[in-house]
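Peer 1: One structure follows; several queries about it will come next.
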Amino acid sequence: MKIKFSNLLASLAFLIPSILIDFGVTLASQKAEENDQSELTIDYLKNLPVSDYILGPGDTIKKNVSRDYPELESIVKIGREGTIYLPKIKRIYIEGLTINELNDLLSEAFLEFVKFPSIEVEVISYRPIRVYIDGEVENPGLQTLGGAFSLNKLIDQSDD
């Protein structure tokens with residue numbers, strides 16, 4: 001018995017959707033129906049993380065006092081003591097603060113010098129993480145993992 005290839009394809013095309021559904025795969029039409037039922041609303045934008053990143057020595061941050069005053073933007077690295085130096089407010093301790101906490105505190109501090117400060121702090125490079133690796137591995141010892149923007153860097157610090 002010979003079956004034409006086009007008939008075989010037509011038969012398979014009819015069976016494939018039911019096979020896919022049996023295995024839990026949804027089709028595009030079903031996804032569209034699901035999306036209509038769960039439309040995104042503006043409330044989705046209010047889903048902020050519960051825990052923020054905690055600043056520490058080695059992080060590099062960009063601080064902008066106000067978008068109206070771009071000349072007050074600066075990039076600073078948090079020193080080993082957990083401090084940074086900012087013009088006008090001098091040396092300040094920020095280790096252990098979250099970005100939102102630092103925004104609030106700097107807004108208060110800059111009120112003395114700037115009308116309507118709108119502080120924006122952004123981490124532009126994260127501090128490296130040092131870990132000790134032991135066991136049957138190629139490079140045991142103290143290793144430094146670069147910050148989040150440089151995950152590909154693994155620097156052997158076992159010579160320290």
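Peer 1: Please report, as a whole percent, how much of the solvent-accessible surface of the stretch 61-101 comes from carbon and sulfur atoms (probe radius 1.4 Å).
Peer 2: On the way: 1340 of 2720 Å².
With neighbouring chains kept in place, the figure for the stretch 61-101 is 49 percent.
Peer 1: Pull up all non-local amide H partners of Leu86: gap of 5 or more, or a different chain, and H-to-H distance under 5 Å with H placed in the peptide plane.
Peer 2: The list, which skips near neighbours in sequence, is Arg91, Ile92.
Peer 1: Once the Cβ-Cβ distance between Tyr85 and Val131 is put in as r, and R0 is 45 Å, what FRET efficiency do you end up with, to the nearest 0.05? It would help to have the intermediate numbers written out before the result.
Peer 2: Numbers: r = 30 Å, r/R0 = 0.67.
My answer for the efficiency is 0.90.
Peer 1: Given that compact globular proteins tend to follow 2.2 N^0.38 Å, what is the ratio of the alpha-carbon Rg of the stretch 75-130 to that value?
Peer 2: Details: Rg = 11.9 Å, N = 56, 2.2 N^0.38 = 10.2 Å.
In units of the 2.2 N^0.38 Å rule of thumb, it is 1.17.
Peer 1: OK, next. May I have the extent of the alpha carbons of the stretch 99-142 along their three principal axes, as whole Å values ordered from largest to smallest?
Peer 2: Over the stretch 99-142, Cα extents along the principal axes are 60, 14, 14 Å.
Peer 1: What base-10 log of the normalised intensity I(q)/I(0) is obtained for the stretch 60-153 from the Debye formula, alpha carbons as equal point scatterers, at q = 0.12, 0.13, 0.22 Å⁻¹?
Peer 2: Debye curve over Cα of the stretch 60-153, log10 I(q)/I(0) at q = 0.12, 0.13, 0.22 Å⁻¹: -0.48, -0.54, -1.12.
Peer 1: Under 18 Å from a label point 7 Å along Cα→Cβ of Lys115: give me every residue in the stretch 60-80 with its amide N that close.
Peer 2: Under 18 Å, as judged by backbone N against the label point of Lys115, lie 65-72 of the stretch 60-80.
Peer 1: Under the √(5λ) rule applied to the eigenvalues of the Cα gyration tensor, what semi-axes describe the equivalent ellipsoid of the stretch 53-105? Give them in Å, descending. Could the numbers behind the result be given before it?
Peer 2: Working: eigenvalues 67, 30, 19 Å².
They are 18, 12, 10 Å, listed largest first.
Peer 1: 5 Å is the cut-off here: which amide hydrogens, built 1.01 Å from N in the peptide plane, fall below it relative to Ser66, excluding neighbours closer than 5 in sequence?
Peer 2: Under 5 Å from the amide H of Ser66 lie the amide H atoms of Ser118, each far enough along the sequence or on another chain.
Peer 1: Now for a different question. Please list, ordered by chain and number, the residues whose modelled amide H lies under 5 Å from the amide H of Ser125; skip anything fewer than 5 residues away on the same chain.
Peer 2: Amide H to amide H, under 5 Å and 5 or more residues apart or across chains, Ser125 pairs with Thr60.
The values are calculated or read from the model by the stated rules, or taken from the named source; none is laboratory data. The structure presented is a predicted model; accordingly, all values stated were derived computationally and were not measured. Here Cβ is always computed from backbone atoms with ideal geometry, including for glycine, and neighbour counts include all displayed protein chains. Accessible surface is based on the protein model in full, side chains and every heavy atom, while ligands, DNA and RNA are left aside. Shrake-Rupley method; radii C 1.70, N 1.55, O 1.52, S 1.80 Å.
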